[in-house]
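For reference, the structure is listed below as structure tokens.
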Amino acid sequence: MTVTVRFAPSPTGHIHIGNSRTALFNWLFAQKAGGQFILRFDDTDLERSRAEFADAIAADLVWLGIEPDRVERQSRRVSAYDAAAEKLKAAGLLYPCYETPDELERRRSRARALGRPPVYDRAGIMQTAEQRATFEAEGRRPHWRFVLPNHEGDPAVTRRTEIGWTDLCRGDQSVDLASLSDPVLIREDGSYLYTLPSIVDDIEMGVTHVIRGEDHVANTGVQLAIFQALGAPAPVFGHHNLLTTRDGEGLSKRKGALSIGSLRESGLEPMAVASLAVLTGTSQAVEAVADMSVLAERFDLATVSRSAAKFDPADLDGLNAKLVHDMPFSAVADRLSNLGIAADEAFWTVIRGNCTKVADAQIYWNIVEGRIDSLVDDEDRDYLLAARGLLPEGEITLETWGAWTGAVKAETGRKGRALFMPLRRALTGLDHGPDMREFLPLIGRQNVLARLPG
Ligand code: GLU
């Protein structure tokens, strides 16, 4: 069977770096196995789902390097969910309940007060046709619950029923179905909660592996029971730890924190984001991986740790810098030209080691192109004047800086920082930057003379 995974966001906001962890885990898993990746929009919540969020999520995935083999929308598949619901109803496994949210809350409080777990008492399943008709006549509409298989024929008498799975990240897991309320699958207005559509899709789309955040562990026991009820084998599950910031705060799609869009706009490389999103919270070192296929080789769900995956957004800059420092000119040529930088390979090779982001090339391009303010301190004016007079004749080459500063040193007696720094500040307008031996030929004679007091 072809390995098939899905990333299933609800399009109710922009995806953030934590969501990208789930997307990337699925993508890398599929890549490694030569499998299929489905992008599935869980958009049954019509009020909160928006087409523009779905489009933005699809674009964010492309930017990250994820190219779905298939895109699905749950809102277009309601007839499949209706068919499954009918099947469950016919089997007596989906029953109507007429309690209002207030009534349910009162029952839960009562159970808590008596020291009992607030599990739904299945009142709905015991109701007679007359009682249901009375509720309907009052104008009530039912929500529908699935009967968990935690009894031996009489749903009023539950018994401990362990249902288990071997989780790709967490190892052996099990849940007692008697400790859970029968899940609501259909709301009063006839709309579906996430549970049933997700299972129907996983079955019909041939999903073999469900890789998702550990916030879904609690749902898995119920979902396994529904797979069984629908007569379908369940996929393999893997629940990974969630990314949190250093102070332990979770990320929220609605808050827009660390959205993929904002990271892209800040000029970060997709592989910097992917490296951090994938390697954080694993037993592997978090380092910049330049290539998705290399990340796929490294990727292993068994290395995901149990505790939260804490990360510092500031680490993205370091990872990004590492990628940029190693980037060949061919990888950036078009991007530089889009930034209006008509640079050649020699320029890029000299300056890339000083760039955190590709767009930082602009800083050095301005120096080469002559649009900068040189920095000349009053106490260095005479020194720089003398240096100007010592600039070797002719074209500036890789030998010039050494010969020039050698002569300046002999003439002025300055050495170390006092020798080099005033020259760097005057010629580049900066305190730090590329190696001057290599940078000087790019700056060129005309700029050098123009930036020194004369
Ligand atoms: N729509 C669900 C979510 O965004 C998907 C969960 C799942 O992968 O099963 O959390």
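The number of residues in the stretch 153-199 that are open to solvent by less than 20 Å² (accessible area, probe 1.4 Å) and either basic (Lys, Arg) or more than 15 Å from Asn219 (Cβ to Cβ) (or both) comes to 2. Could you list all residues from the stretch 17-48 that are crowded, with 20+ Cβ neighbours inside 10 Å, not in a helix (DSSP H, G or I) and not acidic (Asp, Glu)? Once the filter is applied, which keeps residues that are crowded, with 20+ Cβ neighbours inside 10 Å, not in a helix (DSSP H, G or I) and not acidic (Asp, Glu), the stretch 17-48 yields Phe37, Ile38, Leu39, Arg40, Phe41, Thr44.
All conditions in (1) farther than 24 Å from Pro96 by Cβ; (2) within 11 Å of the ligand (Cβ to nearest atom); (3) out of contact with any helix residue (DSSP H, G or I) (no Cβ under 6 Å at 6 or more places or on another chain) hold for Thr208, with the sole exception of (2). Criterion first (at pLDDT below 95 and of a type in the set (A, V, I, L, M, F, W, C)) does Ala178 satisfy it? For Ala178, the condition - at pLDDT below 95 and of a type in the set (A, V, I, L, M, F, W, C) - is not met.
Restricting attention to the stretch 88-116, and to residues there that are assigned to a loop (DSSP other than H, G, I, E, B) and touching a strand residue (DSSP E or B) at 6+ places or on another chain (Cβ under 9 Å), which single residue is surrounded by the fewest Cβ atoms within 10 Å (Cβ to Cβ)? Result: Glu99.
Filtering the stretch 247-288 to residues that are part of a loop (DSSP other than H, G, I, E, B) and closer than 16 Å to Asp317 by Cβ leaves Leu258, Ser266, Gly267, Leu268, Glu269, Thr280, Val286, Glu287, Ala288. Note on the stretch 301-348: among residues that are of a type in the set (Gly, Ala, Ser) and touching a residue at least 40 places away in the same chain (Cβ under 8 Å), the one that is surrounded by the most Cβ atoms within 10 Å (Cβ to Cβ) is Ala309. Candidates Val236, Val294, Val286: the one that is open to solvent by 20 Å² or more (accessible area, probe 1.4 Å) and touching a His at 6+ places or on another chain (Cβ under 8 Å) is Val236. Here His216 meets the list (1) within 11 Å of the ligand (Cβ to nearest atom); (2) part of a loop (DSSP other than H, G, I, E, B); (3) not β-branched (Val, Ile, Thr) almost entirely, failing just condition (2).
Counting the residues of the stretch 119-157 that are in contact (Cβ under 8 Å) with a residue 24 or more places away in the chain, in a loop (DSSP other than H, G, I, E, B) and under 45 Å from the mean Cα position of the chain (by Cα) gives 12.
Checked against (1) touching a Gly at 6+ places or on another chain (Cβ under 8 Å); (2) away from the ligand (no atom under 12 Å from the Cβ), His240 meets all criteria but (2).
Scanning the stretch 431-438 turns up no residue that is under 30 Å from Thr356 (Cα atoms), more than 48 Å from the chain's Cα centre (by Cα) and not basic (Lys, Arg).
The values are calculated or read from the model by the stated rules, or taken from the named source; none is laboratory data. Values in this document were obtained by computation on a predicted structure and should not be read as measured data. Cβ coordinates were reconstructed from backbone atoms using ideal geometry, including for glycine residues, and neighbour counts include every protein chain displayed. To get the accessible areas, we keep the full protein, side chains included, count just its heavy atoms, and leave off ligands, DNA and RNA. Shrake-Rupley method; radii C 1.70, N 1.55, O 1.52, S 1.80 Å.
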